[in-house]
Amino acid sequence: MNLAVVLVSPKTPGNIGAAARAMLNMGARDLRLVAPRCDPLDSQAVAMAVHAEELLRSACVYPTLRDALADRDVSVGTSARVRADLAPPRHPSQVRPLVRAAAAPALVFGPEETGLVNSDLEQCQVTVRVPTGDYASLNLAQAVLLVCYEFLQAQDEVPASERKTATREEMEALYGHLHETMHLIGYTDAVRARHTLRLWRTMLDRALMSSAESRLFRGLLRQVEWKVRDAARRGTVEGRDGDGSV
């Protein structure tokens, strides 16, 4: 499986190296780092990676999570907390069929101190929580090891067919387009826009659109924009005051 492991803003080189080792243990080889706060090739990282040094050296560094997920079709965030406006985390085994059916899945981990923030989790279609005992504090490498095991090594029925879904870049472009259209037609305003868009993200991500379906949806948005602007030019409509928002 072409599983990418994405570490968002990792703080210490030792954690990066240990995470790389955990990946190699489970058969994952695509390590991606988003705005790391340390040198991923520091001697401590290399020492902790042990035989995964090559994985460290081939890791790609990205300025933003959106860039790191651009070519992925399914992204899975990790979180131990329930967040407002976002679906609650699920057990990794429940998400395993979705990941195994994907062509290019990604597994996303947040900074050691805070985990992923809401704006990161918004870019993930689903969130998982590693089940633990009462003491729920895992270090980064432990979390990588356990979730990679669930997705790559745990046994279950392999999906009979695969369906290629739109990449995260295609879906982020769709959400940007939807955001603009909602403002244009007065469906929402600056205060409520983020909350409203989160609800749309949850619904549309659950649909697992294909690339063609995402283009179809954006075609509808373009037609709506053209119709509103054409009517405005003709002076046949007046602006709305956001009364259609959620």
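Values quoted throughout were computed directly from the atomic coordinates according to the rules given, and no laboratory measurement underlies them. On a predicted model such as this, the values are computed, not experimentally measured, just so you know. Cβ placement follows ideal geometry from the backbone for every residue including glycine, while neighbour counts extend to all protein chains displayed.
Take each uninterrupted DSSP H stretch in the chain, measure its Cα extent along the helix axis, and return the ones at 15 Å or beyond whose mean Kyte-Doolittle hydropathy is at least 0.5. Span-like helices in the chain: 140-152. If R0 equals 25 Å, the separation of the Cβ atoms of Leu199 and Glu113 corresponds to a calculated FRET efficiency of about 0.30. Of the two radii for the chain, the radius of gyration is 1.04 times the Kirkwood radius, both from the alpha carbons; that is the Rg over Rh value. Mean separation of Cα pairs under 8 Å and 6 or more residues apart, divided by the residue count, gives segment 28-139 a relative contact order of 29 percent. When the charge dipole of the chain is built from unit charges on Cβ atoms (+1 for Lys and Arg, -1 for Asp and Glu) and taken about the Cα centre, the candidate among Val228, Met23, Asn118 whose Cα reaches farthest toward its positive end is Val228.
Rounded to the nearest 20, the size of the Cβ-charge dipole of the chain about its Cα centre is 460 debye, with Lys and Arg at +1 and Asp and Glu at -1. Measuring spread by the Cα atoms of segment 1-77 yields a radius of gyration and Dmax of 11.6, 34 Å. In the chain, a dipole from Cβ-located charges (positive for Lys and Arg, negative for Asp and Glu) runs towards its positive end, and of Ala141, Ser75, Ala4 it is Ser75 whose Cα lies farthest in that direction. Take every Cα pair under 8 Å whose residues are at least 6 apart in sequence, average their separation, divide by the length of the chain, and the relative contact order is 21 percent. Between the exposed loop cleavage positions of the chain, defined as GluC sites (Glu not before Pro) in a non-H, G, I, E, B DSSP state with at most 13 neighbouring beta-carbon atoms within 10 angstrom, the longest gap is 1-112.
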